[in-house]
1. Among the listed residues R28, R36, identify the single one that is within 30 Å of L104 (Cα to Cα), modelled with pLDDT of 60 or more and basic (K, R).
2. Find the residue count for the range 66-88, including only residues that are out of contact with any helix residue (DSSP H, G or I) (no Cβ under 8 Å at 6 or more places or on another chain) and not small (G, A, S).
3. Quick one: is A58 loosely packed, with under 12 Cβ neighbours inside 10 Å and either at pLDDT 80 or above or within 21 Å of the chain's Cα centre (by Cα) (or both)?
4. Within the range 83-111, can you find the residues that are at pLDDT below 85, of a type outside the set (A, V, I, L, M) and not in a helix (DSSP H, G or I)?
5. Identify the single condition in (1) part of a helix (DSSP H, G or I); (2) touching a helix residue (DSSP H, G or I) at 6+ places or on another chain (Cβ under 7 Å); (3) of a type outside the set (K, R) that Q43 does not satisfy, given that it satisfies every other one.
Amino acid sequence: MSKGEHDEAESKCGFRKSAESISQAQGRFVYYCADRSVYSGQQQRRSALSAQGRQPTAFEAIAILVEKIKHPALSNEALSQQLKKQKLSVEPETIKNLFARHGLAVKKTPRSV
């Protein structure tokens, strides 16, 4: 978003430029409402998401999903090692967080032939 677009959104939506209304997480800016009652709820929900652990970047998430599709039997640890061979360092915990956040469960039975 350009500075002009940001200023326009700020004036239309009531966003404020301040340390408490804008935060940066994982390279993303997060905008909170200027209304204190709404802001408080938004900040609590955001904190709950952060407590779940680090989420992968979009690039990492795509790489994780591609490798999981290619190698469905790999554990999160093995998947992490596979990604390291491709010069992408993603911890097994981050892989687990991605699957948990999006409700992606590991298949418990082998694929039918």
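The values are calculated or read from the model by the stated rules, or taken from the named source; none is laboratory data. Remember, it's a predicted structure, so these values are computed and weren't measured experimentally. Backbone-built Cβ (ideal geometry, glycine too); neighbour counts: all protein chains shown.
1. Details: R36 fails: within 30 Å of L104 (Cα to Cα).
Sole residue among the options that is within 30 Å of L104 (Cα to Cα), modelled with pLDDT of 60 or more and basic (K, R): R28.
2. Here the count works out to 8.
3. The answer is yes for A58.
4. Across the range 83-111, the qualifying residues are H102, G103, K107, K108, T109, P110, R111.
5. So Q43 meets the others, but not (2).
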